[in-house]
Amino acid sequence: MAINDTKITIPCTETCPDTDLDSDSSMSQRAQWLRAAILGANDGLVSTASLMMGVGAVKSDSKAMLLSGFAGLIAGACSMAIGEFVSVSSQLDAELAQLKRDQRADEADRAGLPSPIQAAVASALAFATGAMVPLLAAGFIVNYKIRVVAVAVAATMALLFFGCLGAALGRAPVVRAAARVVAGGWAAMGLTFGLMKLFGTAGL
């Protein structure tokens with residue numbers, strides 16, 4: 001009787017799981033960065049649009065509205081960058097101290113540490129990207145009423161996009177998440193516009 005020697009190949013059990021874990025970790029980190037970028041862009045959009053709507057409530061001059069939005073973009077981007085730099089620097093100091101306590105400070109360990117400068121630049125760019133939406137919407141419109149409506153519509157469309165994208169990355173219900181983001185943006189713009197209109201009418 002002939003006997004067939006059959007070799008059974010056993011899948012790797014040591015390297016493959018580590019590779020999968022590294023891949024999952026990398027994907028998770030990229031998703032976190034994207035979510036942070038979306039939040040930064042959303043902050044820039046809502047704060048700048050609300051600021052422009054507030055100024056537009058008391059001044060019909062397009063120059064005043066655009067200058068206020070541009071000032072908000074610069075101030076907000078700087079604030080986001082400084083805050084992120086300080087936060088990530090503190091995190092970096094803590095992780096370096098932990099590596100020293102564990103006597104693990106080789107190049108591989110240092111490569112995975114966060115970069116304060118990279119985080120600061122990313123936050124500033126994300127904020128500026130969102131803030132550019134209302135500025136571009138109002139930049140070429142002379143008529144006061146059309147300009148205010150254009151800012152509101154552009155901000156709404158961008159909020160809807162950011163809400164859907166953030167929900168998709170977080171695997172959350174898209175409609176509910178997008179509605180929440182849009183409602184929050186409307187509340188900020190409406191409250192700022194209404195209060196400034198009230199103050200302007202009262203002559204404050």
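A simple packing score, the average count of other Cβ atoms within 10 Å per residue, orders the peptides 64-71, 172-179 as 64-71, 172-179, with the highest score first.
Calculated accessible area for segment 116-183 comes out at 54 Å² per residue, all protein chains present (probe 1.4 Å; ligands, DNA, RNA ignored). Decide, for segment 138-204, between rounded, prolate and oblate: order the square roots of the alpha carbon gyration tensor eigenvalues as a ≥ b ≥ c, take rounded if a/c falls under 1.5, and otherwise choose prolate if a/b is larger than b/c, else oblate. Cα axes put segment 138-204 in the oblate bin. Based on Cα atoms of segment 55-204, Rg over Rh with Rh as the Kirkwood radius reads 1.13. Select from 158, 57, 121 the residue farthest towards the positive end of the dipole of segment 52-204; place +1 on Cβ of Lys and Arg, -1 on Cβ of Asp and Glu, and compute about the Cα centre. Highest projection toward the positive end goes to 57. For residue 157 and residue 92, a Förster radius of 35 Å and the Cβ-Cβ distance give a FRET efficiency of 0.40, rounded to the nearest 0.05.
Descending by average beta-carbon neighbour count within 10 Å, the peptides 123-130, 47-54, 139-146, 154-161 line up as 47-54, 123-130, 154-161, 139-146, the highest first.
The values are calculated or read from the model by the stated rules, or taken from the named source; none is laboratory data. As the structure is a prediction and not an experimental result, all values here were calculated from the model. Every residue, glycine among them, receives a Cβ derived from its backbone with ideal geometry; neighbour counts consider all protein chains shown. Protein only, heavy atoms only, side chains kept; ligands, DNA and RNA dropped before computing areas. Shrake-Rupley method; radii C 1.70, N 1.55, O 1.52, S 1.80 Å.
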